[in-house]
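> Structure below; questions to follow.
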Amino acid sequence: MDLPRQLERMASQAEAIASLTRSLTVDEACYRIEESSWSVVEVMGHLLDEEREDFRVRLDYILHRPGEPWPPINPQGWVTERRYRERDLAGTVEGFLAERGRSLAWLRGLGEPEWCTEGQAPFGVISAGDMFASWVAHDVLHLRQLVKLRWALTVRALEPHATRYAGDW
């Protein structure tokens with residue numbers, strides 16, 4: 001694995017995520033396509049907490065604390081428990097970018113990790129390489145989610161005019 005290239009990717013993905021949150025009103029930041037889906041501010045709350053309490057922590061456990069049980073997390077439950085929808089979007093984005101900066105510095109300090117090192121997750125065995133790959137891919141899943149939200153917000157803001165000439169979503 002080309003770690004420096006993946007760290008560049010993580011940095012650029014964080015910037016892309018942040019750019020999708022800019023210039024939104026409070027109403028737009030809290031908008032949900034469906035009641036059961038997440039809003040932009042909820043996605044950002046999730047990304048902040050995942051950065052701070054999930055991927056970096058778990059990769060550290062795999063590489064440096066083998067056999068120790070992982071601290072519990074509840075990403076789905078945190079959305080309501082931690083009241084993500086009531087958070088300030090700009091502050092949450094700033095927090096995410098700061099945590100991503102800490103993560104990138106930490107990852108750079110690892111040198112050449114043993115990606116084949118395995119750890120015991122609640123769902124089974126996972127390698128350090130698989131955990132890191134999942135971390136990088138996690139950004140892209142939420143980029144897709146944020147782009148879908150931006151599309152819905154754009155279509156909503158332009159009503160009653162149609163966007164069909166732009167192309168099919």
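Just so you know, all these numbers are worked out from the coordinates, no wet-lab data involved. No experiment lies behind these values; they were computed from the predicted model shown. Cβ coordinates were reconstructed from backbone atoms using ideal geometry, including for glycine residues, and neighbour counts include every protein chain displayed.
> Suppose R0 equals 22 Å. What FRET efficiency, 1/(1 + (r/R0)^6) with r the Cβ-Cβ distance, do K148 and R83 give to the nearest 0.05?
0.45
> Also: Which ordering of V140, V57 is given by a fewest-first count of other beta-carbon atoms within 10 Å?
Least to most surrounded, the residues fall as V140, V57.
> Apply 1/(1 + (r/R0)^6) to the Cβ-Cβ distance of S134 and E159, taking R0 = 45 Å, and write down the FRET efficiency to the nearest 0.05.
Step by step, r from the Cβ atoms, then E = 0.75.
> To continue, here is another question. Can you give me the distance in nm between label points at W70 and T117, each placed 7 Å from the Cα along the Cα-to-Cβ direction?
It is 1.5 nm.
> Using only Cα atoms, locate the centre of region 84-136 and the centre of region 8-48, then give the distance between them in Å, rounded to an integer.
Each part reduced to its Cα centre gives a spacing of 18 Å.
> Over the chain, what relative contact order in percent results from Cα pairs under 8 Å that are six or more residues apart?
Worked out over the chain, it gives 32 percent.
> Cβ under 12 Å from R56's Cβ, R56 left aside: what net charge do those residues give with Lys, Arg +1 and Asp, Glu -1?
Value of the local net charge: -3.
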